[in-house]
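K.L.:
There's a structure below that I have some questions on.
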Protein chains: 2
Amino acid sequence: MTAEIITIGDEILIGQIVDTNSAWIGEKFNECNIEIVQIRSVSDKKEAIADALSDVKADVIVITGGLGPTKDDITKKALAEFFGVGFIRNQAALENVRKIFLTSNRALLEVNEQQADVPANCSVLVNVNGTAPGMWFEHLGKVYVSLPGVPFEMKYLVEEEVLPRLLKRLDQSAIYHHTILTAGIGESLLAQTIAPIEDNLPEGIKLAYLPKLGQVRLRLSGYGRDAALLKSEIEQVIEQIKKRIPEHVFAVEDIPLELALLRLMTQRGLTLSVAESCTGGYLSHLLTRHDGASRVFRGAAVSYSNSLKETMLGVSANTLAVYGAVSEEVVMEMLAGALNNHGSDYVIAITGIAGPGGGSEEKPVGTIWIAAGSRHKTLATKLLLTGRRLQNIERSAINAIVLLFKLLHSV
Amino acid sequence: MTAEIITIGDEILIGQIVDTNSAWIGEKFNECNIEIVQIRSVSDKKEAIADALSDVKADVIVITGGLGPTKDDITKKALAEFFGVGFIRNQAALENVRKIFLTSNRALLEVNEQQADVPANCSVLVNVNGTAPGMWFEHLGKVYVSLPGVPFEMKYLVEEEVLPRLLKRLDQSAIYHHTILTAGIGESLLAQTIAPIEDNLPEGIKLAYLPKLGQVRLRLSGYGRDAALLKSEIEQVIEQIKKRIPEHVFAVEDIPLELALLRLMTQRGLTLSVAESCTGGYLSHLLTRHDGASRVFRGAAVSYSNSLKETMLGVSANTLAVYGAVSEEVVMEMLAGALNNHGSDYVIAITGIAGPGGGSEEKPVGTIWIAAGSRHKTLATKLLLTGRRLQNIERSAINAIVLLFKLLHSV
């Protein structure tokens, strides 16, 4: 079964709101083996809606938005015209509207009662969270579902009304997805390295590369008749990839890299602190945006100025003067200082030039030293990044996490 | 001029990522008076792309995604087939690829060089942030632009290449936008307070409210034939608003709140450091993501654990035991400790419970203490936030910045 989504409303087209509804519907439908073939956002003009309705591709068309009581909401009219039917007032929808106004103690206007007027060929999906009813149409072998655009009203109707009805109709073709998080290897080299696996993927299984800042997510998708077979085939491919690039696989689920680190360190009962300069708190924020970070993360010295590198981390003025703040010597003293002062098992330290200012011929913008270590073992490496300020900050943090992973995998 | 957006990639259809690119493009184009008539997301299958390309409605078609070096990225092939042309290797794109690989010290593979192969009828838009070139096509009176899906690469190309070219083609009716950044006042109260100004806006000038996390941006837009008149009328409205709510206007341009703070402190030659607990580095990151932050920002103690509150900031064990880490007493000791240790003119301190864990009846999730001060004057206040973890972190940081502004305006 295939589906498509049509979202109606100028606020999406002018970028006033981000269309998160479609992503949510896509995820839910995908979990139920319904393949979304297209998402389309159109203006709340009658011609634009009519145009979208007359050019549908899928078995199921989910339409969201444009169901409010005001004049600019015209989805219902466009639907009635498209199906060539008139309006009738639906009793269940009317009672729902009255009930909502009664409990909220607001005056019921005629425009509110009109929300219970629906195209004559629809079945109403009662919207207990709002006054605009959901509507279900069957027309020339296709299903059209019209839902309010307010996210919690839409979500309730999809979960309680739409999906149960669609699942009843579904023939049992299966879809299965799995994501592998890799890092520390570029997309092209990764593709070349796993080419023998990719070239021999079982029938019906696809591999997609989703690169982002030093990480590449590999998404395996399978479509077919036999869910158990698909699952087992995809799991075999995952094992092959893990065997091929063991040092680059950080998770076999779709989670951020730093969360994979927090989970590994939580499992091992290890603590972490951070000494960061050019990343200016970003690495600490990456870690602490996750619930449960406090089981691992002790804190950080954000030693942005040289004097704070000395007072917070005990970096010597002489080392700073001789080697400069962006040097292997300084990053190692930052690491040692944090190990001494913060009482954590492991430390990550970063110092560099994020840009756009501060570069020199010897140390251009993008020169970054990162280090990771415990009292027993340390690793340090230099990065030469080429991005703009924010990308350099993000890449430095990600590379530093990869460095700590490397160390943790080696002990 | 009308435009439409086609985003390519299964990851959007299955809800793995939310399509924020389209909202961003919609906003930018709208600001330039280019009307987006449709946004469409399709699968990365050649037929789906061909189908979308053969059914376009607007003058300009912006296509994002599907330009990577791997096999699942087939936008380029689909475009060449659609236009009926072959491929040529573009010298500028090739040099860009080589330069990126050279500076990042990675091995250049044949698949990377192939990224410089483009359909023969395109003009290349050089992508300095990545290896996939942007492509500009003119075909049967329409413009087709193909851009990478990686947000920062796409944004750079839209701002530096695509919009300047499109604006040249636009008829020259004037558009003028100006943004006022307000904070510390809710949207409804703000609207009520400036209603007399809003009700008397000059002909052709519109006022929009863009609320976000304790801030409200007021966007004044004017459309008309006379650019100078528009500009002067909008400037008069800005003066009226500044006079009406002087304590809430933090900038008269569209910049983030923390950048307004950095600029004010730079002007005054003041320095800042931070003592943050529940925000975990986020406030420091907010400040240091801006170029030039080092003129103001000295550093931060991210004292996530209680023991680091003691060792990094000198908070007394007794205060922690008696009042708890989330208390006025502790936030004031954090502030005093940072003033003593970090050598900055001003300090912001934050401690609280971001959630979802850690709340109690007495101190529920969302209880946050913030403080701002110098050696001469301090302010502290308690927040009771109701969001989820990340919102609570962001709101705490924004409120703390507003608190420091209040202090700076009073001296």
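The values are calculated or read from the model by the stated rules, or taken from the named source; none is laboratory data. Since the model is a prediction, treat every value here as computed from it, not as a measurement. Here the Cβ positions follow ideal geometry from the backbone for every residue, glycine too, while neighbour counts run over all protein chains shown.
K.L.:
Could you list, in sequence order, the residues of segment B:18-36 that are within 7 Å of chain A (Cβ to nearest Cβ), surrounded by fewer than 20 Cβ atoms within 10 Å (Cβ to Cβ) and not in a helix (DSSP H, G or I)?
P.N.:
B:Val18
K.L.:
While we're on this one: Sort out which residues of segment A:379-411 are within 21 Å of the chain's Cα centre (by Cα) and more than 26 Å from B:Tyr156 (Cα to Cα), and write them in order of number.
P.N.:
A:Ile401, A:Val402
K.L.:
Could you figure out which of (1) within 7 Å of another protein chain (Cβ to nearest Cβ); (2) surrounded by fewer than 24 Cβ atoms within 10 Å (Cβ to Cβ) isn't true of B:Met1?
P.N.:
Of the numbered conditions (1) within 7 Å of another protein chain (Cβ to nearest Cβ); (2) surrounded by fewer than 24 Cβ atoms within 10 Å (Cβ to Cβ), the odd one out for B:Met1 is (1).
K.L.:
Pick out the one residue from A:Ser344, A:Ser307, A:Ser303 that is within 10 Å of chain B (Cβ to nearest Cβ) and in contact with a Gly (Cβ under 6 Å, 6 or more places away or on another chain).
P.N.:
A:Ser303
Conditions tested, residue by residue: (1) in contact with a strand residue (DSSP E or B) (Cβ under 7 Å, 6 or more places away or on another chain); (2) hydrophobic (A, V, I, L, M, F, W, C).
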{"site": "A:Val42", "(1), (2)": "yes, yes"}
{"site": "A:Lys46", "(1), (2)": "no, no"}
{"site": "A:Asp51", "(1), (2)": "no, no"}
{"site": "A:Gly86", "(1), (2)": "no, no"}
{"site": "A:Arg89", "(1), (2)": "yes, no"}
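K.L.:
While we're on this one: Wholly within segment A:108-223, which strands (runs of 3 or more DSSP E) include no fewer than the required count, namely at least 2 residues that are crowded, with 20+ Cβ neighbours inside 10 Å?
P.N.:
Fully inside segment A:108-223 and qualifying: A:117-119, A:134-139, A:142-147, A:174-183, A:205-212.
K.L.:
Now for a different question. Would you list the strands (runs of 3 or more DSSP E) that sit entirely within segment A:302-411 and hold 2 or more residues that are of a type in the set (Gly, Ala, Ser)?
P.N.:
A:346-352, A:367-373
K.L.:
Restricted to segment B:68-78, and to residues that are under 20 Å from A:Ile39 (Cα atoms) and either away from chain A (no Cβ under 11 Å) or in contact with a Lys or Arg (Cβ under 6 Å, 6 or more places away or on another chain) (or both), which residue is surrounded by the fewest Cβ atoms within 10 Å (Cβ to Cβ)?
P.N.:
Filtering segment B:68-78 for residues that are under 20 Å from A:Ile39 (Cα atoms) and either away from chain A (no Cβ under 11 Å) or in contact with a Lys or Arg (Cβ under 6 Å, 6 or more places away or on another chain) (or both), the one surrounded by the fewest Cβ atoms within 10 Å (Cβ to Cβ) comes out as B:Ile74.
K.L.:
Let me ask something else about it. Could you check, for segment A:41-52, whether at least one of its residues is assigned to a helix (DSSP H, G or I), within 9 Å of chain B (Cβ to nearest Cβ) and among the hydroxyl-bearing types (Ser, Thr, Tyr)?
P.N.:
no
K.L.:
Any residue in segment B:127-140 that is over 19 Å from B:Phe87 (Cα atoms) sitting within a Cβ distance under 6 Å of a residue that is at pLDDT below 95 and among the acidic types (Asp, Glu)? List the pairs, counting only those 6 or more apart or interchain.
P.N.:
Within 6 Å, the pairs are B:Asn129/B:Glu153; B:Gly130/B:Glu153.
K.L.:
May I pose another question? Determine whether segment A:272-282 contains at least one residue that is of a type in the set (Val, Ile, Thr), surrounded by fewer than 24 Cβ atoms within 10 Å (Cβ to Cβ), touching a strand residue (DSSP E or B) at 6+ places or on another chain (Cβ under 6 Å) and facing chain B (nearest Cβ under 10 Å).
P.N.:
Checked segment A:272-282: no residue is of a type in the set (Val, Ile, Thr), surrounded by fewer than 24 Cβ atoms within 10 Å (Cβ to Cβ), touching a strand residue (DSSP E or B) at 6+ places or on another chain (Cβ under 6 Å) and facing chain B (nearest Cβ under 10 Å).
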